[in-house]
Amino acid sequence: MWDDARLLFLIALPFLGSGVVAMLPRDARDTAGLLTGVVTLLASAIVASFYGDMASAAVIRSSVEWLPSLGFNFTIRLDGFAWVMAGLVTIIGFLVVVYARYYMSRRDPVPRFFSFLLAFMGSMLGVVLSGNLIQMVFFWELTSLFSFLLIGYWHHNPGAREGARMALTVTGIGGLCLFAGVMVIGHIVGSYDLDRVLGAGEIIRSHDLYRTALVLVLLGALTKSAQFPFHFWLPQAMAAPTPVSAYLHSATMVKVGVFLLARLWPVLGGTEPWFWIVGGAGVTTLLLGAYIAIFQNDLKGLLAYSTISHLGLITLLLGLGSPLGVVAAVFHLLNHATFKCSLFMAAGIIDHESGSRDIRRLSGLFRFMPITATLAMVAAAAMAGVPLLNGFLSKEMFFAETIVEHVDSLFDEALPFLATVAGMFSVAYSLRLIIDVFFGPPPVGLPRTPHEPPHWMRFPVELLVLACLLVGIIPAMTIGPFLHIAVSSILGDRTPYYSLAVWHGLNFPLLMSVVAMVGGVLVYLLLRGYLASGQEGPPLLRRLKAQRIFERIMVVVSWKWARQLESLFGTRRLQPQLRLLVCLALLAAIFPLYVEGFGPRRLSFQKLDWHGFDTAFALMWLVGMACAIMAAIQAKYHRLAALVMLGGAGLATCITFVWLSAPDLALTQLLVEIVTTVLLLLGLRWIPKRVEGDDAGRITIRMRVRRGWDLAASITAGAGIAMLSYAIMTRPLPDSIASFFLERAYTEGGGTNVVNVILVDFRGFDTLGEITVLAIVALTVFALLRRFRPAPESIGMPEQQRLQAAYDIAHPDRKPDETVAEYLMIPRLIMLWLFPVIGVFAVYIFMRGHDMPGGGFAAGVAMSISFILQYMASGTRWVEDHLRILPVRWIGVGLLTALFTGLGAWLFGYPFLTSHFQYVTLPVIGKVPMASALLFDLGVYSLVVGATVLMLIALAHQSIRSPKPSRKGAPPLAGQGTPPPAGMGGR
């Protein structure tokens, strides 16, 4: 139980910290840094507390039921490999936070930065600790989302925006492929549980869908780890702040792909397709990244391409398919995290203290910042594979693995030579970093005079470089236990013997190292003149850029094809768009009916009881049909009249529900009709005028054809809905799902209102998704509408004056002394007095909803009506000053209430959103039924109020209220947007 609590807290802690930090003021730089440091340090301590379990090769699982009927649970699984990765994420995360505290400017919104960083850390922990493949994909996509926010943190920089967009596009598409591959694996195994998947390697590799699953999973892994041909997004991410680059390149974002390859190596590895795809991508990335890195003039660009190259090395080792290759890959993964993080931090220090990252402008920095220069040179030597540093040991293991035969092919025979060439390139770009930056004449023309940074800014670099030295000198005592824990959890009984000794005698890998170092020095000397000339880009590959290919593809897809689709289907008019949507819905509905052979002949018209024909009901329907037809006709001439007719058709629908014993639907329909009518009234002025042409005859024919299409589509849709409704209502009760809910609504849900019990209990997960979508829609509507402003003729006109003008137009025969204020006084008083009445009514239908018609949704709509009446009665300014609604907070409170109600079931050992009910004795009232679903319904109520009022207020402000003048007295420009209304919950 204690282990379960620690694991759950480890996942939740970064997200909780992110939420708290996000609420800090913009200038709370020190508080945000301190709080983030405490969270990351505490997370590191929790990870370290599992060392004893991991040393004994234990696998700790904590599973919470989520959707047990679908076999999906929220499972956290901690084994040795996940533990080592979690340690990297948290410990390096803590060092990055300490570094960022001094790196970030006071002018930056630092709390937002640390909030994104903590959320990203939580997503990474979710990936490495997930015991369910679907759950892992969910956190996988969260890493893409939060890396997008981190890379684009300086959103005023076009390069940051472009780099963030490119990273999200590439890794997001890869994530979708991974999700599809996980679905295929789950289909093969029959489960998404990681333990069951890891134990079904033979079944997966022998299945016909193995290649499909392999390709899809590898697309996800290779895009995330920036492997060829998807490597181009990583250098563009260098526009992010240096702490972000250090974190992404060392322990998080790009390491997720190779983590997945190592995690699924026992399942998908060891086959020829795996060898050719993974090994081929790895060796290509290894060589290409190392070669391009030599010619980078940006210090962070050099480190970015070196990261690509080292990730290719790890991918190649995993692609070889041998257990020793896995050992070398995990070892180099750990080594790379230490020296690459320290190098990025050193690059950030140079940029921070000198004002430039251009290698062509930097030289002789050793005399200005000797300590930082020494640390950077040691880390660069580790990257180059110099003896007595950690990079040398894993590079030796890599060289040793390349000379072993894996697949009898020319590629396998060429691997030692290719690995040696890659080693030469790594020595060359490491030498360029050391010599060109820290030696030579003093720099000239830098924005700032270089100097040493504050000690605590350099402290993380010192720790990481010390780790490089200790691992390189005494590897068995330092990294040995952790490496064994990680490797044995992946390979199990297949774990081979390996040695971490510094000296293995004179052997072929040592010869390859010597050749690589000597050759690297020669390559650097030969290219020094070319590099000093300041030319951009590497020779031979200057024109061939994957980034340019990607941009051209994006232009074709998002511009050319999109414009073509827009020209075919797009229009400024709403009617053709609705026609297209209705036709597509019709095709989607007809296709399954056609496949199943369902048609009018299968309807049981013999069951019609014509003797019970109700004339009044038929007349009411005729009235409703007439209203619908008149609404369609009046839409051409008078939109307000059409809206009134539409309300009449809706009222007929409400009466129908009452007639057919569906009071819940009738109540909801009536309330929705009221809100929809107000919404459409407020939005009428935004509907564009009809487009008129010169040739009236041609327009008339076109309009007739369009009306014919609309008539045919409406008749088909109406007939189809009527047919389905009749088929459902005439089915025998035992053959439908209705009997299931009728029998269990009270015994299992604690309520006699079956509709409400279904919404908040049996299908509570669906309702949670629906209210989440509603919240997103409301926020989107508000975000779009706030950028519009009223018509030019109403700008600057007081609200009372606009109302008077509208009244004068509508009443040309008014008396000279008659004003709109006198005309509206009585309706305003009525609307003001209705506020407490409707509020009490909303509480009433909310409290009775579990047993009688009502519920959270209906009560929320009713309460929103009371709010909007106040806007209509007293104007927006009065409501803002006297009745602060804050709909955004209503939305947030509602969503959190519904979510935490579901999570509360976990505390009692039940699946997510499991409800509980019992009778409670209240003073005076006596025994009353109480259900936990009432809290869930309260969340629905709050969110519906907030979402509805937010949309209505957004329209009301744009339709009624004139924008506040700017400081110079002029109204805001359309591109700047209208200031957000007061009472909206803050910006």
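The values are calculated or read from the model by the stated rules, or taken from the named source; none is laboratory data. These numbers were taken from a predicted model, which means no experiment stands behind them. Heads up, the Cβs are rebuilt from the backbone with ideal geometry, glycines too, and the neighbour counts pull from every protein chain shown.
A few comments on the model shown:
- Filter result for the condition that a residue is at pLDDT 95 or above and over 24 Å from PHE339 (Cβ atoms), over LEU268, LEU216: LEU216
- In region 138-151 there is no residue that is touching a Lys or Arg at 6+ places or on another chain (Cβ under 6 Å) and crowded, with 21+ Cβ neighbours inside 10 Å.
- The set of residues in region 587-633 that are modelled with pLDDT under 75, among the aliphatic types (A, V, I, L, M) and in a helix (DSSP H, G or I) comprises LEU593, VAL595.
- Looking across region 491-506, the residues that are within 20 Å of ASN390 (Cβ to Cβ) and either among the aromatic types (Phe, Trp, Tyr) or in contact (Cβ under 8 Å) with a residue 24 or more places away in the chain (or both) come down to TYR498, LEU500, ALA501, VAL502, TRP503, HIS504.
- Helices (runs of 4 or more DSSP H) within region 1-58 that include 3 or more residues touching a Pro at 6+ places or on another chain (Cβ under 9 Å) and at pLDDT 90 or above: 29-48
- Considering residues of region 67-106 that are polar (S, T, N, Q) and either in the same structural domain as HIS352 (by TED's automatic domain parsing) or over 24 Å from the mean Cα position of the chain (by Cα) (or both) only, the residue nearest to ALA486 (Cα to Cα): SER69
- Which listed residue is over 26 Å from VAL521 (Cα atoms) and surrounded by 15 or more Cβ atoms within 10 Å (Cβ to Cβ), from PRO443, PRO453: PRO453
- If you check LEU418, LEU393 for being closer than 24 Å to LYS340 by Cβ, surrounded by fewer than 19 Cβ atoms within 10 Å (Cβ to Cβ) and touching a residue at least 12 places away in the same chain (Cβ under 8 Å), only one passes: LEU418.
Rundown of residues vs (1) among the aliphatic types (A, V, I, L, M); (2) in the same structural domain as PRO323 (by TED's automatic domain parsing); (3) outside any helix (DSSP H, G or I), yes/no style:
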site	(1), (2), (3)
PRO453	no, yes, yes
TRP456	no, yes, no
PHE459	no, yes, no
GLU462	no, yes, no
VAL465	yes, yes, no
LEU469	yes, yes, no
GLY472	no, yes, no
PHE482	no, yes, no
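- Considering (1) farther than 30 Å from LEU955 by Cα; (2) out of contact with any strand residue (DSSP E or B) (no Cβ under 7 Å at 6 or more places or on another chain), the lone condition that ASP766 does not fulfil carries the number (1).
- Qualifying positions in region 165-197 - surrounded by fewer than 19 Cβ atoms within 10 Å (Cβ to Cβ) and of a type in the set (A, V, I, L, M): ILE173, LEU176, ALA180, MET183
- Scanning region 294-305 for residues being more than 19 Å from ALA373 (Cα to Cα) and touching a Gly at 6+ places or on another chain (Cβ under 8 Å) gives a total of 2.
- Selected residue (criterion: surrounded by the most Cβ atoms within 10 Å (Cβ to Cβ)) from residues of region 33-75 that are in contact (Cβ under 8 Å) with a residue 60 or more places away in the chain and β-branched (Val, Ile, Thr): THR36
- Which listed residue is at pLDDT below 75 and of a type in the set (Gly, Ala, Ser), from GLY854, GLY926: GLY926
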